[in-house]
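Note sheet for the following structure.
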Amino acid sequence: MNVVEKVGAPADTEVSPTARRRRFTAAEKLRVLRAADACAGQAGAIGALLRREGLYSSLLATWRRQRDAGQLGPNARKRGPVAKAADPRDRTIVELERRARRAEARADRAERLVEIQKKLADLLGIQLPEPENEEQR
């Protein structure tokens, strides 16, 4: 192979143009941990595994802590704030409060209309009938 062929050939590089953080699923982490546990008695085997996988020993230690804390596996808790369970009573309370506000607004509007009717009747000189008792007002 001469120099001209080398220059014109596309470069085979393992480095991507933009750096991206690797993300490992729980299954991948558990697979590597099982392989590391299997290498425990052999000298240099864990180092070879880490080189082959392209990992640091600190990452392996972090994953072991996660596994021991129950953060890896099918019953693992997700990260972030814990969502409150929706209580049906809370929804009922919100609905009743909304209905109460609406009823109060309607009652206030009706009272203002009655006041306007009374003022209009006074201006026009119309005699309004007296209510029978105080509750009907």
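Below are the figures for this structure:
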{"read-out": "Dipole magnitude of segment 21-75 about its Cα centre (Cβ charges: Lys, Arg +1; Asp, Glu -1), debye to nearest 20", "value": "220"}
{"read-out": "³J(HN,Hα) computed for each position of segment 29-38 - Karplus, 6.51 cos²θ - 1.76 cosθ + 1.60, integer Hz, glycine/proline x", "value": "4, 5, 4, 5, 5, 5, 5, 5, 5, 6"}
{"read-out": "Gap separating the Cα centres of segment 92-106 and segment 112-127, nearest whole Å", "value": "30"}
{"read-out": "Where labels lie 7 Å past Cα in the beta-carbon direction, separation of residue 65 and residue 52 in nm", "value": "2.7"}
{"read-out": "Table column - 3J(HN,Hα) (Hz), segment 118-132, Karplus curve with 6.51, -1.76, 1.60, x for Gly and Pro", "value": "5, 5, 5, 5, 5, 5, 8, x, 8, 8, 8, x, 6, x, 5"}
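Readers should treat all values here as calculations from the given coordinates under stated rules, not as data from a laboratory. Only a predicted model underlies this, so the values are computations on that prediction, with no experimental measurement involved. Don't worry about glycine lacking a Cβ; one is built from the backbone with ideal geometry, like all the others, and counts go over all protein chains shown.
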